[in-house]
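Notes to accompany the following structure.
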Amino acid sequence: MLNFKNETTRSGVSCLRRAVLGAAAVAALAVGTMGGTFAAAAQDYPTKPVRIIVPFGPGGLADISMRLAGEQLTQILGQQFVVENHPGAGGVAAANQLLKSDPDGHTLVVMSNGTTIAMSLFNDLGYDPQTQFAPISTLAWFDLGLFASPSGDYATIGDFIAKAKAEPGQLNIGTVNPGSTQNLAAEYFRSATDIKVNIVAYRTSPDILAALIRGEIDLVVESPTAFAAAIKNDQAKMLAVTGAVRNPSHPDVPTTSEAGVEGYEVSGWNALYTLAGTPDDVIAKLNKAITEVAAMPEIQAKFAELGTTAKALSPEEMATQFENDRAHWAKIIESAGIEKR
Amino acid sequence: MDTLTNLGLGFQAALSFENLLFCLFGVSLGTFVGVLPGIGALATISMCLPLTFYLAPMPAMIMLAGIFYGAQYGSSTASILLNLPGSAPAAITCLDGYPMAQQGRAGVALFLTTIASFVGGSFSIILMIGFAPILASFAISFSSADYFSIMILALVAASTLSNGSFIKGIAMVGVGLLLGMVGTDISSGVARYTFGTVEISDGISLIALAMGLFGVSEILSNLMHGEHAVVDARAITFKSLIPTRQDMREFWPAAGRGSVIGAIVGMLPGTGPTIATFMSYSAEKRLSKNPEKFGKGAIEGISSPEAANNSSVQAAFIPTLTLGIPGDAIMAVMLGGMLIHGITPGPQLIVDNPVLFWGVIASFWLGNIFLLILNIPLIGVWVRLLTVPYHVLYPAMLFFICIGVYSVNNSTFDVLLTLMFGVIGFGMMRFNFPAAPLLLGFVLGPLLEENFRRALVLSHGDLGVFVSRPVSLVFLVLTLIILLASVPQIRGGLTRLIRGRDAINE
Amino acid sequence: MSRSNKKLGPFNGKHRSTGGEGCQRPVGWALRNPMWNMKAITKEQLPDLVACGLVGLFGLAAIWMGASYPVGSVTRMGAGFFPVAISAIVIGLAVAAAIETLMSETSRGTFKWRPLIFISVAILAWTQLIDTLGLIPSTFALILISGLAKQPFRPVSLILTATFLSVAGYLVFVLGLHMPLTLLGR
């Protein structure tokens, strides 16, 4: 067509240079449009069904709370929010699903305080949530509870601690598997109160309840959700909650700090994360939607029935929470001498 | 009597149109899902759980429960027809069900397993109606030492599972025990035999193991050695589907025994239908006057385990509904579902909401009747499956195996495990190493260890706890009796070993 | 028990000379144990022995890895106690099974490579394709490759089967049971 090399325009700019500049301009426009598409993507987001990857099996707290939230998010954002269960130790199976996806906000993963524990518990987790993932918001918060048998000798935590000090090595605290939040909370309790008790691990929460009924164990550290039925059936009595403030569903139960274990606090939460590199507006949109969901009265009510509180955080607050918890549990695991896997 | 009035109320509620509809839907879905290998009641119930949010509590519970016990009716179908268990408990039904199918008696086998399931289910329902609270407290009183002793009994009883070499059978139990230890040790948190991979840090998937050992290995074996018997469609007459009088004579006592064993095992939280079926099979074999017929199409070999299967599954509701203590993962999911509906199962439930409690129990029985009516005509349909030419059948079986195993954890790793166990299982078949004891060892191993260690922690290191607790003592004595009764067999095995006689009974 | 059974193997005569039935004195027997006098391990027994050997090897690996976990004592079991104990038993049983094999005649079985290779490749293909390309490609790969394991290869009926299964599978597993699978693509 044109001979670029030697021709010059009237302004003296060589045609070649013009062509290159023109091409660059077109390229810039294309990129700009794509970027604009990304920006427009945030406007249009979500454009297809969104996967919520849950690293636990169906029927658990995380699963049910995410399904409830998912229904509402579907209404608010106009696309299906579908829960997928990818259970596996350390949340790795779920994390791998996220890592295989695109940073467009259509794949979300559930992280929990369990993840902050896993980071210190596993020698090589295989993923780094703090650098590879971007926080969106928390959804459900739950404290743990300390339970005893209603027909037993302990009316308060103080009673238990006193008996434990009087009879070292005789009393048993029951929890689920080692490395779980409940188990670590028990370890933390043991070191914070400086008592000699046995921490007995059971496979599932119902096993612990059965053991409590049999009188095999004296104290249980479990989530009030798991023991909700037991409380109503008068099979277990909650002596204290481990959070910073009292549980609104059980206003008579003191916190562990109030009950005599100064400074002892364990809070659990689950949260939604997505891939790092997802556009900020997409994250902001999701955060806004989740905040809206968490504030809904029906959600608050259903969550309360599950024994949890619905509360959202901003992405920045989320990141801080994660780091604080990670450091805290790392210290506990260290001092309790728990083996890394 | 108070119970009868309550029951009457329950039936009244259960017979409402809505409840009947959801019952029918639940049991049909359950049967269908049960037939499919791999995917089972747990996955289905979990998926249906959100649907139930829109229903009233009673139809929701009825439907979910229907899926659960319905799945047990269907799981033996593929075991009998294709030597491919629909679920781990159904693996035992392969042992005698498949030979029956190869002898042309598939219809009879399917018919008898359906009746056996109904007998087992009804037995547990009657127990539930009459004695639920007592049984529940009894079941809960079982401590770790007691569980351990039951498991030891199951283990020793399992030594009779295989027909061939006694030594090889025990070796496979040992291998199964070791495979069961792969994963994170529940008592100490140490990761064992995981090679750092996360996929097996929770243990080897039971379904992957069962499908590989029984399903893939069977396909490999058939391809290498000969054909799976293809049935001529014209040979399937109505008459061939009906059992003979002799069959029925053998059937009823076996089904009865299976129901009892299943109920006892099912009631205990933490034990599952797998242990129930294995134990009932072993019991039948030991009690039988001619144990050699087992593994070749013995009627007792399918009736007892099937009755035990359904009986244990139905009995699992006893602690769940009465005390609010779910016996296994499926029950836990259902419990979660109930809690969402604002229902708290447990002692309060019978008092606060008797209509719901008794209505659900009444629906169990209705569900079992539906299943009976549903499954019997289907037998003719299933038997026709045998007429499908093998070159199309086995790829289809592979498809269902792959997708079924995948569905449990959405994991392709599990499917690869299935392949590996398929190859290993084929090797085992070739050299007469039996697979059923391995499966049992795999299921029992972690439980045995966990309960032993916990029993000692609770007794502060006192080994005597195993004999000082009455229940534990009873089971240990039973184990001893069985061991002594096996002495002739062990002596025989050793004698054959030393004296050089042929040790393999063909 | 019949002694006239022809499966007795090469040491038939030796047994009779040690005193016959009822003579089970261990020491005397061990000295005259025909196993020491055994001439050859028959070709048929070799694969069976290898199988027993593999079981023994499995036990050895298990005991070696098991010992690396804290073992503890019977009353204070560590994570390694059970594994070590059971693997020891398995090793012993593997040896016993090998001895048993030597004492008896084993049958020759057929072995073909074709089914093993094609079934393995088929399943491998399925696992690789299901997450990346979806249900249709993976099912076709599985059915067709595994179909090659049996002669003669019948592509038409296999293609029909694969089509039917893909569709049925989609209806049942994806639409019905909400499994996160795609028909085609990621």
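A compact table of results
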read-out	value
Residues A:Ala155 and B:Asp462, FRET efficiency given R0 of 35 Å [Cβ-Cβ distance, rounded to 0.05]	0.70
Spherically averaged projected area of region C:46-103 from its Cα convex hull (nm²)	3.7 nm²
Rounded to 5, the percent of DSSP beta bridges in chain A classed as antiparallel	60 percent
Per residue accessible area of chain A, 1.4 Å probe, in Å²	43 Å²
Residues of type aspartates and glutamates that A:Lys165 reaches as a straight line, Cα spacing below 12 Å, ignoring anything fewer than 8 places off in the same chain	A:Asp194
Label point 7 Å beyond Cα of A:Ala336 along Cβ direction - residues of region A:118-146 with amide nitrogen under 20 Å	A:118-125, A:142-146
Semi-axis lengths, Å, region B:269-323, gyration tensor of Cα atoms, sqrt of 5 times eigenvalues	27, 9, 8
Overall form of region C:113-176 per C-alpha gyration tensor (a/c, 1.5; a/b vs b/c)	oblate
Scaled radius of gyration (Cα, divided by 2.2 N^0.38 Å) that region A:301-341 gives	1.66
Debye log10 I(q)/I(0) for chain A, one point scatterer per Cα, at q = 0.08, 0.09, 0.14 Å⁻¹	-0.46, -0.55, -1.10
Using alpha-carbon coordinates, inclination of helix A:297-306 to the longest axis of chain A, degrees	40 degrees
Residue-level accessible surface for A:Arg246, protein heavy atoms, 1.4 Å, Å²	100 Å²
Scaled radius of gyration (Cα, divided by 2.2 N^0.38 Å) that region A:145-241 gives	0.95
For the pair B and C, total buried accessible area rounded to nearest 100 Å², probe 1.4 Å	6800 Å²
Hull volume in cubic angstrom per residue (convex hull over the Cα atoms of chain B)	158 Å³
Within region B:278-311: backbone nitrogen closer than 19 Å to the B:Thr244 label point (7 Å, Cα to C-beta)	B:289-303
Ranking by accessible area, most exposed first, for A:Glu84, A:Glu292 with a 1.4 Å probe	A:Glu292, A:Glu84
FRET efficiency, C:Ile159 to A:Glu305 (Cβ-Cβ, R0 56 Å, nearest 0.05)	0.60
Inter-site label distance for B:Leu478 and C:Leu183 at 7 Å from Cα along Cβ, in nm	5.4 nm
Per-selection Kirkwood Rh - the protein assembly as shown (Cα, Å, 1 d.p.)	30.8 Å
Pairs beyond 23 Å (Cα-Cα), from A:Lys232/A:Lys302; A:Lys48/A:Lys285; C:Lys43/C:Lys112; B:Lys168/B:Lys285; A:Lys288/A:Lys331; B:Lys296/C:Lys150	A:Lys288/A:Lys331; B:Lys296/C:Lys150
Acute angle (nearest 10 degrees) that the helix A:205-214 long axis makes with the longest principal axis of chain A, alpha-carbon atoms	10 degrees
Distance (nanometres) between label positions extended 7 Å along Cα→Cβ at B:Leu378 and B:Gln12	3.3 nm
Cβ-Cβ FRET estimate between A:Asn123 and B:Asp352, R0 fixed at 51 Å, reported to 0.05	0.55
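The values are calculated or read from the model by the stated rules, or taken from the named source; none is laboratory data. Because the structure is predicted, anything quoted here is derived from the model rather than measured. Because the Cβ atoms are built from the backbone with ideal geometry, glycine has one as well, and the counts that use them run over all protein chains shown. When the accessible area is computed, the model is the full protein with side chains, heavy atoms only, and any ligands, DNA or RNA have been set aside. Shrake-Rupley method; radii C 1.70, N 1.55, O 1.52, S 1.80 Å.
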